[in-house]
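*Asks:* One structure is given below, represented as structure tokens, and several questions about it will come after.
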Amino acid sequence: MMNVVRLLVLGVIRELGRCHGYAIRQTLEEWQVQTWSRLHSGSIYHALQQITKEGLLESGAPEPGNRGPGKLTFAINEAGEVEFHDQLRQALASFDLIELSAGIAFVGCLPAAEAKSLISETIDRLRDNAERLALIASSVQPSVKPPRTKNLLDLWRANLATTATSLEEIRGTLHTLAAPPKRARTTRSH
């Protein structure tokens, strides 16, 4: 899950420019990330701390707040850009649906040809694994007793096949996407 949080936090900062933790959290809520991930606001702030400690973000002077102490702002640096793209490529190659979803959220940040290639490779691996699971399931006797191996193999085969089909649809939309230029570093306040 930490890779997903890192990718989401770096991606939001990359999209917004210089911003504070609350703006990141609010943006992720607006994107309804909580509907497809197990992201909690505490993990956002923990990731910010960790990513900053690793030198992937620059933190600025606290912005004055309406109430309470000022909010520390963050901006992605070159090392953060490299990490973001590494995490994005890993996510697009993942069979974990939450991690893959985080990759799809930012797929437009890659050149279309690279994104198509990564998604095509994942589709091929998903289909290969679905076929392998179908073959294994064909040799297993159905059972209503635990562990219900045939049912589980069928469930996972169907999951992989459906994910591959969805990725094909997404890949078909990539010709209309171009990697957007990096946004100017501005501060987003809420």
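The values are calculated or read from the model by the stated rules, or taken from the named source; none is laboratory data. Only a predicted model underlies this, so the values are computations on that prediction, with no experimental measurement involved. Positions of Cβ are generated from backbone atoms using ideal geometry, with glycine treated the same way; all protein chains shown enter the neighbour counts. We work out accessible area using only protein heavy atoms, side chains counted, and drop any ligands, DNA or RNA first. Shrake-Rupley method; radii C 1.70, N 1.55, O 1.52, S 1.80 Å.
*Asks:* Taking ALA161 as the residue in question, decide whether it is closer than 25 Å to LEU88 by Cα, at pLDDT 95 or above and in a helix (DSSP H, G or I).
*Replies:* yes
*Asks:* All but one of (1) part of a helix (DSSP H, G or I); (2) open to solvent by less than 80 Å² (accessible area, probe 1.4 Å) hold for SER143; which doesn't?
*Replies:* So the condition that SER143 fails would be (1).
*Asks:* Okay, next question. Look at GLU78 and say whether it is in contact (Cβ under 8 Å) with a residue 60 or more places away in the chain and open to solvent by 30 Å² or more (accessible area, probe 1.4 Å). If you could, list the steps in order and put the result at the bottom.
*Replies:* Numbers: in contact (Cβ under 8 Å) with a residue 60 or more places away in the chain: no; open to solvent by 30 Å² or more (accessible area, probe 1.4 Å): yes.
It is false that GLU78 is in contact (Cβ under 8 Å) with a residue 60 or more places away in the chain and open to solvent by 30 Å² or more (accessible area, probe 1.4 Å).
*Asks:* Within the group LYS116, LYS71, which residue is touching an Asp or Glu at 6+ places or on another chain (Cβ under 8 Å), touching a residue at least 40 places away in the same chain (Cβ under 8 Å) and within 28 Å of LEU39 (Cβ to Cβ)?
*Replies:* LYS71
*Asks:* So in the range 51-70, with the set limited to residues that are open to solvent by 30 Å² or more (accessible area, probe 1.4 Å) and assigned to a helix (DSSP H, G or I), which one is farthest from ARG6 (Cα to Cα)?
*Replies:* LYS53
*Asks:* Quick one: how many residues across the range 1-16 are at pLDDT 95 or above and either open to solvent by 10 Å² or more (accessible area, probe 1.4 Å) or over 15 Å from ALA102 (Cα atoms) (or both)?
*Replies:* 4
*Asks:* How about the range 1-50: which of its residues are of a type in the set (Ser, Thr, Tyr), within 15 Å of the chain's Cα centre (by Cα) and not in a loop (DSSP other than H, G, I, E, B)?
*Replies:* THR27, THR35, SER43 - these are the residues of the range 1-50 that are of a type in the set (Ser, Thr, Tyr), within 15 Å of the chain's Cα centre (by Cα) and not in a loop (DSSP other than H, G, I, E, B).
*Asks:* Mind checking whether some residue in the range 61-83 is within 14 Å of the chain's Cα centre (by Cα) and either of a type outside the set (Val, Ile, Thr) or more than 21 Å from ILE170 (Cα to Cα) (or both)? Outline the logic, then answer.
*Replies:* Step one: of the range 61-83, the residues within 14 Å of the chain's Cα centre (by Cα) are 83.
When the remaining residues are screened for being either of a type outside the set (Val, Ile, Thr) or more than 21 Å from ILE170 (Cα to Cα) (or both), the result is 83.
Yes; the residues of the range 61-83 include at least one that is within 14 Å of the chain's Cα centre (by Cα) and either of a type outside the set (Val, Ile, Thr) or more than 21 Å from ILE170 (Cα to Cα) (or both).
*Asks:* Would you point out the residue of the range 158-176, among those that are among the β-branched types (Val, Ile, Thr) and in contact with a helix residue (DSSP H, G or I) (Cβ under 7 Å, 6 or more places away or on another chain), that is surrounded by the most Cβ atoms within 10 Å (Cβ to Cβ)?
*Replies:* THR163
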